Amino acid sequence: RKEVEQDPGPFNVPEGATVAFNCTYSNSASQSFFWYRQDCRKEPKLLMSVYSSGNEDGRFTAQLNRASQYISLLIRDSKLSDSATYLCVVMNYGGSQGNLIFGKGTKLSVKP
Amino acid sequence: GAVVSQHPSRVICKSGTSVKIECRSLDFQATTMFWYRQFPKQSLMLMATSNEGSKATYEQGVEKDKFLINHASLTLSTLTVTSAHPEDSSFYICSALDSSTSPLHFGNGTRLTVT
């Protein structure tokens, strides 16, 4: 089993749709979780951290399920500008170093 | 918010030459910096983890003698691609960690083209 797995997509959705991405991780001791967004030929940008209690930022909701070892990202009322690749990132810590595991990303394409 | 500056953003070099890429954390001290490579339509691939004052840890399959990493201070890490070849053409991105629990901050990336 890969350390971090995501459905590569692409997810093709119409504007206004609700879309959900899941990401599973294999290390039950993983400590921090994030969703990054990467536009074509650009660097990844932090979209949101994922907390155990779940967190929401506008149209975006992230949730963590430690028992099942997955995190999710829900995007409501999709906009054309949401088209990007969404990267799930899991971080494990040993001392002062972060061991960072990236998912391969899920591509989202929002159509008019 | 925390900013990571990566320079240059784009470089074209001839085969056989060396290229140095700088990654600076502008408003925080980064004890750990990461270097990634991304080929077109592929995901980010971690090349190495750079810790200030110690040798970098390279991922399997990444040649440490070809990709020289120096993390001489808490705000600067450099990646030197030595004797570059066309197959080294890629998008190189650095990121920095400013505490053990915060998310990563990424540089803007360097697009390297080796002719």
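General remarks:
- Residue satisfying condition, being closer than 24 Å to A:Glu5 by Cα, in contact with a strand residue (DSSP E or B) (Cβ under 7 Å, 6 or more places away or on another chain) and hydroxyl-bearing (Ser, Thr, Tyr), within set B:Thr82, B:Thr49: B:Thr49
- Count - residues of the stretch B:58-80 that are crowded, with 16+ Cβ neighbours inside 10 Å and of a type in the set (S, T, N, Q): 3
- Within the stretch B:45-90, the residues that satisfy the criterion of being modelled with pLDDT of 90 or more and of a type in the set (Lys, Arg) are B:Lys64, B:Lys66.
- Test: A:Ser72 is assigned to a loop (DSSP other than H, G, I, E, B), out of contact with any helix residue (DSSP H, G or I) (no Cβ under 9 Å at 6 or more places or on another chain) and surrounded by 15 or more Cβ atoms within 10 Å (Cβ to Cβ): no
- Pair list, Cβ under 7 Å, 6 or more apart: the stretch B:12-33 residue within 14 Å of another protein chain (Cβ to nearest Cβ) and under 18 Å from B:Cys94 (Cβ atoms), other residue surrounded by fewer than 18 Cβ atoms within 10 Å (Cβ to Cβ) and hydroxyl-bearing (Ser, Thr, Tyr): B:Thr31/A:Ser96
- Residues located in the stretch B:91-104, provided they are at pLDDT below 85 and either more than 8 Å from chain A (Cβ to nearest Cβ) or touching a His at 6+ places or on another chain (Cβ under 9 Å) (or both): B:Leu97, B:Asp98, B:Ser99, B:Ser102
- Picking from residues in the stretch B:5-43 that are among the aliphatic types (A, V, I, L, M) and in contact with an Asp or Glu (Cβ under 9 Å, 6 or more places away or on another chain), the one that is farthest from B:Glu87 (Cα to Cα) is B:Ala30.
- Each residue in the stretch B:17-45 was checked for being touching a Ser or Thr at 6+ places or on another chain (Cβ under 6 Å) and not in a strand (DSSP E or B), and 4 pass.
- Every residue from the stretch B:10-36 that is under 12 Å from the mean Cα position of the chain (by Cα) and under 18 Å from A:Lys42 (Cβ atoms): B:Ile21, B:Cys23, B:Phe34, B:Trp35, B:Tyr36
- Residue in the stretch B:45-58 that is touching a residue at least 12 places away in the same chain (Cβ under 8 Å), over 21 Å from A:Phe102 (Cα atoms) and within 13 Å of the chain's Cα centre (by Cα) present: no
- Options A:Pro44, A:Pro10; residue that is surrounded by fewer than 14 Cβ atoms within 10 Å (Cβ to Cβ) and either within 14 Å of chain B (Cβ to nearest Cβ) or touching a residue at least 12 places away in the same chain (Cβ under 8 Å) (or both): A:Pro10
- Candidates B:Ala72, B:Ala84, B:Ala48, filtered to the one that is more than 10 Å from chain A (Cβ to nearest Cβ) and in a loop (DSSP other than H, G, I, E, B): B:Ala84
The values are calculated or read from the model by the stated rules, or taken from the named source; none is laboratory data. None of the values given here were measured: they were computed from a predicted structure. In this analysis, Cβ positions are derived from the backbone assuming ideal geometry, glycine residues included, and neighbour counts consider all displayed protein chains.
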